[in-house]
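To start, the structure itself, in structure tokens.
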Amino acid sequence: MRTLCASTLIGEFFVIGFAGLVAMQLTDLSTATIWTVSGIAMLLTLVLCGMLTRPGGVQLGWALQIALIASGFVVPTMFFLGAVFAALWWASVHFGRKVDAAKARWAAQAEASGDSAGEPVGGTA
């Protein structure tokens, strides 16, 4: 799950940065306002990448997605992007858990059949 979620967060980082550039051209908001909202969101995505394996990491990811939607009150474009990001986050968590379960099954099967990576090729010594 960590790989899918981190990939989603890195993608969000870049899209938010590009959205900030677009918002500067399409809205009457000040550059400082746009980059304050975008900069904080971009920083949080990077920080969260490092916190995914810690307890509560996924929940913090949901909090970030909600905050991104709420940032639409400042930069209206973020309503749409926040909703898209929340859907991507859900997919990352949902399918990431399925991948983790499959990897655990494969590891258990390999261990049960004696194909663990630590054993010598000819069997036990």
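Residues that are outside any helix (DSSP H, G or I) and more than 15 Å from ARG2 (Cβ to Cβ) were ranked within the range 39-83; the one that is least open to solvent (accessible area, probe 1.4 Å) is VAL75. For the range 19-33, state whether one or more residues are at pLDDT 90 or above and open to solvent by 60 Å² or more (accessible area, probe 1.4 Å). Yes, because at least one residue in the range 19-33 is at pLDDT 90 or above and open to solvent by 60 Å² or more (accessible area, probe 1.4 Å). Kindly evaluate LEU4 against the criterion of being part of a helix (DSSP H, G or I), on the phi < 0 side of the Ramachandran plot and modelled with pLDDT under 85. Yes: the conditions hold for LEU4. Give the residues of the range 21-59 that are over 17 Å from the mean Cα position of the chain (by Cα) and in contact (Cβ under 8 Å) with a residue 40 or more places away in the chain, sorted by residue number. Once the filter is applied, which keeps residues that are over 17 Å from the mean Cα position of the chain (by Cα) and in contact (Cβ under 8 Å) with a residue 40 or more places away in the chain, the range 21-59 yields VAL22, ALA23, LEU26, THR27, LEU29, THR33, ILE34, VAL37.
The values are calculated or read from the model by the stated rules, or taken from the named source; none is laboratory data. This is a predicted model, so every value here is computed, not measured. Note: ideal-geometry Cβ built from the backbone for every residue, glycine included; neighbour counts use all protein chains shown. These area figures cover heavy atoms from the full protein model, side chains too; ligands, DNA and RNA do not enter into them. Shrake-Rupley method; radii C 1.70, N 1.55, O 1.52, S 1.80 Å.
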